[in-house]
1. Which order do the peptides 156-166, 45-55, 127-137 come out in when sorted by mean C-beta neighbours inside 10 angstrom, highest first?
2. Could you tell me whether region 29-124 comes out rounded, prolate or oblate from its Cα gyration tensor? Rule is a ≥ b ≥ c as square roots of the eigenvalues, rounded for a/c under 1.5, then prolate if a/b exceeds b/c, otherwise oblate.
3. Per residue, how big is the convex hull around the C-alpha atoms of region 37-76? Give it to me in cubic angstrom, could you?
4. Give me the extension gain from residue 48 to residue 35: residue separation times 0.36 nm, minus the current Cα-Cα distance, reported in nm with one decimal.
5. Which shape class, rounded, prolate or oblate, goes with region 10-201 when its Cα gyration tensor gives a ≥ b ≥ c as root eigenvalues, a/c under 1.5 marks rounded, and past that a/b bigger than b/c marks prolate?
6. Any chance you could run the full-extension gain for residue 119 through residue 98? It's 0.36 nm times the residue separation minus the Cα-Cα distance, nm to one decimal.
7. For each pair in 171/196; 152/176; 76/159; 48/201; 98/201; 76/153, compute the distance between the two Cα atoms and list the pairs where it is over 30 Å.
8. Give the long-range amide H neighbours of residue 122: residues separated by 5 or more places, or on another chain, with amide H under 5 Å away, using H modelled in the peptide plane at 1.01 Å from N.
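Only the coordinates and a few stated rules stand behind these numbers; no lab work does. Since the structure is predicted, the reported quantities are computational estimates derived from the model, not experimental observations. All Cβ positions, glycine included, derive from the backbone under ideal geometry; neighbour counts span all protein chains shown.
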Amino acid sequence: MILIPGSTNIIYIICILFHYGMKAENSMKARQPQFLWKIEAECPVCGKKMFIEEYMHNVPIIGRVILSSGECPGCKFTYRDTRMADSRGSQILRYRVKNLDDLGTIVIRASSASINIPELQVSITPGASSQGFITTVEGVLLRVAEVMDFLKKDKDVDKKAWKERMDALKKALEGKLEFTLVIEDPEGVSRIVSNKEERLKMYE
C-alpha cells in the first residue's frame, strides 16, 4: 500500500483495517458516514465565507471518528480535520516504536494536539490554521521528512546538523532506530490505536 501522509480519506483507513484482518462486511459499515452539520466559517487565507461539513464515521478498531472538510469558493483553500468523537479529557499519549511493524500503527492527531519525538528532535505544534489528520506512525515521519527536504533549501541551515537529523530519520523509517512518539492533546480527541499506547493526564 502507498502511504498518503496525513490523509483523512476514510477508504485509506479501511485498507489498513483489511490489513488487520477485518471482515469485509464490517469494513463496509465504515463507508457509511452520518452527516452531522454544516458550519459557516471565514477562510483563514482570503477571509471569504466558506462552509465546512462534518460527518461521523464508525470505524472498526478505531471507533467513532469525525471528519470535517470544506473548500473556500474564492482562493480554493481546502480545510480538512480529523478527531475522535469522544473525548477522554486532556491527555499525553506515548508510544514506543521498536520495529517496522510499529510504524504501521494508526495515529489520530487532533488539530489542537502537538507531536514530539525526542530522539529525532522533532516537534510539531498546532498553529492558527492547524488541521487534524489520520495517518500511521510512518506517515508522521514522512511528514517530517517533507519539512526536512524543504529546510535543506535554506542557505542558513546548518548542513552538518541537517544531515545528522536526516540520517536518524531514515534509520527510524527503516525500523533501525527506536524512538518514542508523544502526543500532547488538551482536548482528549487524539488516539494511538495500539494496546501499547501509554496515556497520562495532561493536567493534574
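1. Values: 156-166: 11.4, 45-55: 14.5, 127-137: 18.0.
Ranked by mean Cβ neighbours within 10 Å, highest first: 127-137, 45-55, 156-166.
2. Numbers: a/c = 2.38, a/b = 1.47, b/c = 1.62.
Since a/c reaches 1.5 but b/c is at least a/b, the shape of region 29-124 is classed as oblate.
3. Working: hull volume 2.7 nm³, N = 40.
About 68 Å³ per residue, rounded to a whole number.
4. Numbers: separation 13, 0.36 × 13 = 4.68 nm, distance 2.40 nm.
Computed gain between residue 48 and residue 35 is 2.3 nm.
5. It comes out oblate by the Cα gyration axes.
6. Values: separation 21, 0.36 × 21 = 7.56 nm, distance 1.25 nm.
My answer for the length gained is 6.3 nm.
7. With Cα atoms farther than 30 Å apart: 76/159; 48/201.
8. Amide H to amide H, under 5 Å and 5 or more residues apart or across chains, residue 122 pairs with 117.
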